[in-house]
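Report on the structure given below.
The values are calculated or read from the model by the stated rules, or taken from the named source; none is laboratory data. Quantities reported herein were computed from a predicted structural model and do not represent experimental measurements. FYI the Cβ positions are ideal-geometry reconstructions off the backbone, even for glycines, and counts take in every protein chain you see. Remember, those area values only see protein heavy atoms, side chains included, never the ligands or the DNA or RNA. Shrake-Rupley method; radii C 1.70, N 1.55, O 1.52, S 1.80 Å.
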Amino acid sequence: MWPFDYDLGAVDDTDSQAIVSPRGEGRETPRRWRRRAFLQASLGLAGASLLSDAQPSGADMSRFAARSASNQLPDLKAWLRADEIVQRVKAPTFPDRHFPITRFGAVADGVTLCTHSIAAAIAHCSASGGGHVVVPSGTFLTGAITLLSNVDLHLEDDATLKFSTDPDMYPLVYTRWGGIECYNYSPFIYAFGQENIGLTGGGTIDGQASNEYWWPWSGEFEYGWKPGEPDETQDSALLTLMGAADTPVKKRIFGPGHYLPPSFVQPYRSKNVAIQDIRVINSPFWQLHPVLCSNITVRNVHVDSLGVNNDGCDPESCNDVLIDNCNFNTGDDCISPKSGTDADGRRVNVPCQNVVIQNCRFENGHGALCMGSSMSGGIRNVFARNLTMTNPNLLDCLRLKTNSDRGGYIEDIYVRDATVKGVLDAGLNINFFYGGGEGGGFNPTVKNIFMRNVHFAEAERAWSMHAYPDDKIGLVAVVDCTFDKVNHPPETIDVADLTLVDVVVHGTRIRSSTYA
């Protein structure tokens, strides 16, 4: 079957009898495909006549001429905005005062609960005008930690904060769970309405989540759940109903007696946040999850947790975010900008915007850069560059997933200069049928998606794009990208404007084509 039995490396001008559907189904493939037949499969357009032997004419020719050269596309100029964001985002600085948690009674035996000692050190540090609360070498057991303004929680290189597996150690706080506001178990490291906060140093934060603790709440056998045990299903459905009904947040009470696992690190409605140099392991849920924050630096962080819903870094309804030189090995999406889910996301109505991701490495995950499952407040101006994806078990490089219940928009998304060992799904995946389909009443908007200079050693498909007849995907441009080996032709269904410039798929080069 294609491509293993057929050579697409050369363009053959002999007649072809190939019949290829937009999905690549029900096809009979000749030994050598013509370029025309490949393009028909790639673009998935309504009629093959759009790619007849004759060149487009009239309005088609005008569009072709207007954008055929890659340097005429708007993404190159847009990268100037990325540089501006990098210059604008500044990590907070802290007074040169140090407050070791051992001075307040913490014991590095991994058994003594140090929650109150750490809280006392943070309170004293903040009241003194700020500084560094130091976790020295050793293993310290703790419950929930709440950061205060002007405090940097600093872990020395051989320090580990190990978080209790007892849910009672995490009191109710105002939070967002799955993109919906509620009261739930405190994130393991939390801040609300604070300024100038840090989580830094070469140490490790260990959530101790496993198939025994936290992960079984997912209700999935793979993560330790057993029939008859409680799980998050009913609570997640109840929270979704509360969001849809606009139930006041103060009445959305979960926590004890419920099974919604908390995020690991969540600054909420805070500004000037730095998460730097730490290692994150064994997370109960989403790992780094700033919400409604501004001026966020995530740098030199190693995120390594393969549990259920273990997203790596999910800035939600945030502005001015820099994610730089980080490693992601996750059980779900590696990086996923968000802005609230469905009705509750539209109620809060704050976008996630001005996000730069650079110099990062990705191993396992559902996708390197993903968005759309929580996009109802909008996502825009996301830039990702200089990326390395080393594990062929990664599902997608860029994944946009949504449905007609979401509303909101994803626009002005830019990815460039990346090397990808392989993806199990598509290099670029845009799907309007994620968790739903048509008819929900809140069609999403997806447009201005750019991928430039990305090299894939292998992909199941180069791209897969599937929207609605009454809500088509806007401009998508793939430029100077190479897909060495693919297993199926690309899919393109209900895309209003697809531009391909110097794209090579399984040896076949698409020099320049624009269809709208």
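Some points to look at:
- For residue 493, the stated conditions hold: it is among the hydrophobic types (A, V, I, L, M, F, W, C) and in contact with a Gly (Cβ under 6 Å, 6 or more places away or on another chain).
- Matching strands (runs of 3 or more DSSP E) fully within the stretch 396-435 where at least 2 residues are open to solvent by 10 Å² or more (accessible area, probe 1.4 Å): 409-420, 423-431
- Considered as a group, the residues in the stretch 199-214 that are within 23 Å of the chain's Cα centre (by Cα) and on the phi < 0 side of the Ramachandran plot include one that is surrounded by the fewest Cβ atoms within 10 Å (Cβ to Cβ), and that residue is 210.
- Test for residue 323: is it touching a strand residue (DSSP E or B) at 6+ places or on another chain (Cβ under 7 Å), open to solvent by 10 Å² or more (accessible area, probe 1.4 Å) and within 26 Å of residue 424 (Cα to Cα): no
- Residue 484 vs. criteria at positive phi and not aromatic (Phe, Trp, Tyr): no
- Leading residue by the ranking (modelled with the lowest pLDDT) among those in the stretch 55-65 that are outside any helix (DSSP H, G or I) and open to solvent by less than 70 Å² (accessible area, probe 1.4 Å): 56
- Strands (runs of 3 or more DSSP E) contained entirely in the stretch 66-171, each with at least 2 residues that are β-branched (Val, Ile, Thr): 109-113, 131-135, 138-142
- Taking the stretch 469-496 as the range and being of a type in the set (Gly, Ala, Ser) and surrounded by fewer than 16 Cβ atoms within 10 Å (Cβ to Cβ) as the test, only 496 passes.
- Residues in the stretch 184-198 that are within 13 Å of residue 291 (Cα to Cα) and open to solvent by 10 Å² or more (accessible area, probe 1.4 Å) were compared, and the one that is nearest to the chain's Cα centre (by Cα) is 190.
- On the stretch given as the stretch 275-304, residues that are surrounded by 24 or more Cβ atoms within 10 Å (Cβ to Cβ) and assigned to a strand (DSSP E or B) total 7.
- Pairs meeting the criteria (first residue in the stretch 464-479 and of a type in the set (Ser, Thr, Tyr), second residue in a loop (DSSP other than H, G, I, E, B) and open to solvent by less than 20 Å² (accessible area, probe 1.4 Å), beta carbons under 6 Å, at least 6 apart or on different chains) are 468/432.
- The set of residues in the stretch 160-179 being open to solvent by less than 10 Å² (accessible area, probe 1.4 Å) and not charged (D, E, K, R) consists of 161, 163, 170, 175, 179.
- Counted residues, the stretch 336-371 - those being assigned to a loop (DSSP other than H, G, I, E, B) and polar (S, T, N, Q): 6
- Whether a residue is in a loop (DSSP other than H, G, I, E, B) and either surrounded by fewer than 21 Cβ atoms within 10 Å (Cβ to Cβ) or out of contact with any Leu (no Cβ under 7 Å at 6 or more places or on another chain) (or both) was assessed, and residue 217 does not pass this test.
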